[in-house]
Amino acid sequence: MPDSLVLPRISELVGAVGGVMPESDRDSADVGVAEVCRVAGILEGFLRYPDLLTGGQMESDVRAYRQHVLYAAPAGGFSVVALVWLPGQQTPIHDHISWCVVGTYMGAEEETRYRLDSVSGQTGPVLAPLDIATISAGTVTYLIPPGDIHHVRNATSGRVISIHIYGADISALGTSIRRRYELPVRS
């Protein structure tokens, strides 16, 4: 369920994204790189505002990174979510159910992207690291399935907050993760 208090900046962000993205999740499959890049540009402009989130929307959880659903389009076309990370918190290696635009609002995240690969003599697939990027405050990136396997962690000694815009109703689904990968990682 989205947080009950939506600040004017989030309302402006939602309006701008709604002008680019379909309101229906059925139409989200037709979203291309150009639209996702436009959303990335929109989000980047909002990351500079200190009044983007309420204090409650920046609260963490000592057990795991915390998700705050800020908005979900009534027809399920997109959601805006804040993720709050404490030092040492991280995701499993995973991919997503939809396109995703991520902007770091505070601190820095470290993202490792992977591809499925095979190794001679091994019976199943392995994960091959493609790159590691530090996504600092004010920086935006995006993922479009398939080929969006990654791992994210707090890369700082303090709290990190990132804003995610997904092409799905996260308030109904509960998560953006489609699949977790518990495979060997090729070094």
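So here's what we get for this one:
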| item | result |
| --- | --- |
| Filter result for the condition that a residue is assigned to a helix (DSSP H, G or I) and at pLDDT below 95, over E35, E44 | E35 |
| First in region 158-187 and within 20 Å of G56 (Cβ to Cβ), second anywhere and open to solvent by 70 Å² or more (accessible area, probe 1.4 Å), Cβ under 6 Å, 6 or more apart | S171/M1 |
| Matching residues, region 62-76, being over 14 Å from G174 (Cα atoms) and either assigned to a helix (DSSP H, G or I) or open to solvent by less than 40 Å² (accessible area, probe 1.4 Å) (or both) | A73 |
| Options S136, S120, S171: the member that is closer than 28 Å to V14 by Cβ and at pLDDT below 95 | S171 |
| Residue in region 77-90 that is open to solvent by less than 20 Å² (accessible area, probe 1.4 Å), farther than 21 Å from R178 by Cβ and not in a loop (DSSP other than H, G, I, E, B) present | yes |
| Residue in region 146-163 that is of a type in the set (S, T, Y), open to solvent by less than 30 Å² (accessible area, probe 1.4 Å) and under 27 Å from V14 (Cβ atoms) present | yes |
| Residues being hydrophobic (A, V, I, L, M, F, W, C) and at pLDDT below 95 - total across region 66-90 | 4 |
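The values are calculated or read from the model by the stated rules, or taken from the named source; none is laboratory data. Because the structure is predicted, anything quoted here is derived from the model rather than measured. Glycine gets a Cβ as well: all are built from the backbone with ideal geometry, and neighbour counts include every protein chain shown. Accessible surface areas use protein heavy atoms only, side chains included; no ligands, DNA or RNA. Shrake-Rupley method; radii C 1.70, N 1.55, O 1.52, S 1.80 Å.
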